[in-house]
Amino acid sequence: MKIKTSYFYQIRNFKPYQIPLSTAISDPAWYHSKIEDYYIDKNGVINGLRIGMLQPQRSLGYLCGGKNCMQKPDSCKFLRAYYDQLCLLDFKKLMYLLEQTADVMQNFLKFGEEPEIILIVHEAPTNPCSERKVIQQYFKEHGIACTEFRKGEYK
């Protein structure tokens, strides 16, 4: 199982074996079905799944200056607090959850490819102040490669 990061806009480019899990505090409305907790889009990709363990705590929201922020990413209080939050996680439990999710989705969606878990954040990769860098760093520190999804990067 591979683990990558991306953002909501890119889900339209995913294949069924690429399983988006939102890490965002809130998701765009289109990401969720009005009837079920999830839905399968026209490309066969499941939408609506979240991973609460990787969501920034709502209490961290006041640390983020948003679009008017003047901080550099390496001195961002929000990103530092988010990293500290991730460091408190039980990594084995997180990996077990991700592996179980990949297995269940592979059986449910009936794809033969190796599953890829793609952790979804709001910001595009061009935004230097994004949780993706913290997520990638966290996995790297645990010996797991976690890179950014690139359109056209299929098996």
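The values are calculated or read from the model by the stated rules, or taken from the named source; none is laboratory data. Here the structure is a predicted model, which means the values were calculated and not measured. Every residue, glycine as well, gets a Cβ built from its backbone with ideal geometry; the counts of neighbours run over all protein chains shown. All accessible areas refer to the heavy atoms of the entire protein, side chains included, with ligands and DNA or RNA removed. Shrake-Rupley method; radii C 1.70, N 1.55, O 1.52, S 1.80 Å.
On the beta carbon distance between residue 81 and residue 150, with R0 = 30 Å, the FRET formula returns roughly 0.55. Extension gain, residue 15-residue 37: 0.36 nm per intervening residue step, less the Cα-Cα distance, totals 5.9 nm. Short to long, the 5 Å bins of the Cα pair-distance histogram for the chain hold 2, 9, 19, 23, 21, 15, 9, 4, 1, 0 percent of all pairs.
The dipole here belongs to the chain: it is taken about the Cα centre, uses +1 on the Cβ of Lys and Arg and -1 on the Cβ of Asp and Glu, and is about 360 debye.
Considering only alpha-carbon pairs that sit under 8 angstrom and 6 or more positions apart, the relative contact order computed for the chain is 42 percent. When a/c is below 1.5 the answer is rounded, else prolate if a/b is larger than b/c, else oblate, so apply that to the stretch 83-149 with a ≥ b ≥ c taken from the square roots of the Cα gyration tensor eigenvalues. Here the stretch 83-149 falls in the oblate category.
Computed in the context of the full set of protein chains, the accessible area of the chain at 1.4 Å probe radius has 53% of its extent on carbon or sulfur. Using the rule -39500 (n - 2.57) for each DSSP H run of four or more residues, divided by the residues of the chain, the 222 nm mean residue ellipticity is -8500 deg cm²/dmol. Within the stretch 1-56, all pairs of alpha-carbon atoms sorted by distance into 5 Å bins from zero give the percentages 4, 18, 32, 28, 14, 3, 0.
Per residue, the chain exposes an accessible area of 57 Å² to a 1.4 Å probe, with every protein chain left in place.
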